[in-house]
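These notes concern the structure reproduced below.
The values are calculated or read from the model by the stated rules, or taken from the named source; none is laboratory data. Just so it is clear, the model here is predicted, and its values are computed rather than measured. As a convention, Cβ positions derive from the backbone with ideal geometry for all residues, glycine included, and neighbour counts pool all protein chains shown. We work out accessible area using only protein heavy atoms, side chains counted, and drop any ligands, DNA or RNA first. Shrake-Rupley method; radii C 1.70, N 1.55, O 1.52, S 1.80 Å.
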Amino acid sequence: MTTLNLIVPCYNEEEVITETCSRLLALLDRLIGAGEVSDESRITFVDDGSRDRTWSIIETMHASDARCRGIKLSRNRGHQNALLAGLTVAEGDVLVSLDADLQDDIEAIPRMLEEYRKGAEIVFGVRHKRACDTFFKRFTAQSYYKTLKALGVEILPGHADFRLMSRKTLDALKDFQEVNLFLRGIIPLLGFRTAIVEYERAARFAGESKYPLAKMLAFAFDGITSFSAVPLQWSTRIGALLALGSLGFGAWAVYARLFTDLAVPGWASTVVPMYFLGGIQLLFLGVIGGYISKTYAETKHRPRFIVERTL
Ligand code: UDP
Ligand code: MG
């Protein structure tokens, strides 16, 4: 019979994990009772270097029910690496990753298992509405998916990291050694038979989002090139500003020539292209730099996470 393991990355989630754990245990009981998964099934909380009581709560939960397991990372490495740690270290025939804040509807899990029984090796949880997110988040997420698609990145709109993966696909995932981790871009590259389960995304149950705007932007950038060295980003931005500014110069020069007597002959045709080309050059230096810095990070082969303890 299938052994299920639920992988839950947690970063400063003391307000939610007790409730998350009890709901997931209830779900496990139900699935075990119905004979859908084996009684070896468990829940694995990955503590991503939390600074609050998250780990001690995980220890307490483990003491009261041995089906609750824990993996403690030595420091905060971010959601994607915490997830990877769970997917790499945890045992089980089938792993389902979900957020600690109960935004992913756990009632979709039995439906994912059904797709697995029908032969799918990867089942993507896809939200069919984003009613609970703010307009801003909805809008930025949608534009981002469109940008990725336009850039040729294969990605499933509406799918975050709520997914079921079989042991076979997890073994395949281990061969992807990249440090710049963007799992939702990697998983479609694995291939295998996939399926989709739709669900409605709820509001965060308690606590605050651990993805403030800055983190979200950084993550988005990672998805496209990877994390780039900051000065290289600056040259990109300054370049873009200069290029735009020079267009403004151009417009002003045309205005000055037509409507005022301030125009100096030859000024616009010299100065405008100078700024414009300078801007474009800096812009693309920044883009090239972005890719070089990605290569730089990859060549170091640093560990993507370090496990401090497991329960
Ligand atoms: N998370 C993590 N490490 C981090 C940030 C977040 O493990 O550095 C976890 C977090 O505990 C949660 C999941 O990633 O389980 C998604 O984070 P969150 O709910 O804050 O993001 P949002 O739903 O607002 O995008
Ligand atoms: Mg959330």
Single condition LEU95 does not satisfy, out of (1) modelled with pLDDT of 95 or more; (2) part of a loop (DSSP other than H, G, I, E, B) = (2)
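Against the definition (within 11 Å of ligand 1 (Cβ to nearest atom) and at positive phi), how does GLY92 come out, yes or no? Steps first, answer last, please.
Values: within 11 Å of ligand 1 (Cβ to nearest atom): no; at positive phi: yes.
For GLY92, the condition - within 11 Å of ligand 1 (Cβ to nearest atom) and at positive phi - is not met.
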Please indicate, with yes or no, whether at least one residue in the range 22-42 is among the small types (Gly, Ala, Ser), surrounded by 15 or more Cβ atoms within 10 Å (Cβ to Cβ) and within 12 Å of ligand 1 (Cβ to nearest atom).
-> no
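Looking at the range 76-92, which of its residues are within 18 Å of the chain's Cα centre (by Cα) and either acidic (Asp, Glu) or not in a helix (DSSP H, G or I) (or both)? Steps first, please.
From the range 76-92, those within 18 Å of the chain's Cα centre (by Cα) are 76-88; that's our starting set.
Residues satisfying the conditions are ASN76, ARG77, GLY78.
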When the range 80-114 is examined, which residues are found to be farther than 23 Å from GLU19 by Cβ and surrounded by fewer than 20 Cβ atoms within 10 Å (Cβ to Cβ)?
-> THR88, VAL89, GLU91, ASP93, GLU114
Flag if LEU262 is open to solvent by 50 Å² or more (accessible area, probe 1.4 Å) and at pLDDT 80 or above = no
Got a number for residues in the range 182-212 being farther than 29 Å from ILE17 by Cβ and either within 12 Å of ligand 2 (Cβ to nearest atom) or part of a loop (DSSP other than H, G, I, E, B) (or both)?
-> 3
Can you run down the residue pairs with Cβ atoms below 6 Å, 6 or more apart or on separate chains, where the first is in the range 98-114 and under 27 Å from THR54 (Cα atoms) and the partner is away from ligand 1 (no atom under 16 Å from the Cβ) and open to solvent by less than 20 Å² (accessible area, probe 1.4 Å)?
-> ILE106/LEU27; ALA108/VAL197
Considering each residue of the range 53-76, count those that are open to solvent by 20 Å² or more (accessible area, probe 1.4 Å), touching a residue at least 60 places away in the same chain (Cβ under 8 Å) and not basic (Lys, Arg), and give that number.
-> 4
For ASP48, state whether it is within 16 Å of VAL307 (Cβ to Cβ) and acidic (Asp, Glu).
-> yes
The range 1-21: number of residues that are of a type in the set (Val, Ile, Thr), part of a helix (DSSP H, G or I) and buried (at least 20 other Cβ atoms within 10 Å of the Cβ) | 2
Of all the residues that make up the range 190-208, how many are in contact with a Leu (Cβ under 8 Å, 6 or more places away or on another chain) and either open to solvent by 50 Å² or more (accessible area, probe 1.4 Å) or among the basic types (Lys, Arg) (or both)?
-> 3
Going through the range 41-85 in order, the residues found to be closer than 26 Å to SER166 by Cβ and acidic (Asp, Glu) are ASP47, ASP48, ASP65
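Within 14 Å of ligand 1 (Cβ to nearest atom), surrounded by fewer than 17 Cβ atoms within 10 Å (Cβ to Cβ) and within 25 Å of VAL94 (Cα to Cα), is that true of ALA160?
Working: within 14 Å of ligand 1 (Cβ to nearest atom): yes; surrounded by fewer than 17 Cβ atoms within 10 Å (Cβ to Cβ): no; within 25 Å of VAL94 (Cα to Cα): yes.
Answer is no for this residue.
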Selected residue (only one of VAL153, VAL123 is surrounded by 13 or more Cβ atoms within 10 Å (Cβ to Cβ) and out of contact with any strand residue (DSSP E or B) (no Cβ under 8 Å at 6 or more places or on another chain)) | VAL153
How about the range 190-202: which of its residues are away from ligand 1 (no atom under 16 Å from the Cβ) and at pLDDT below 85?
-> none
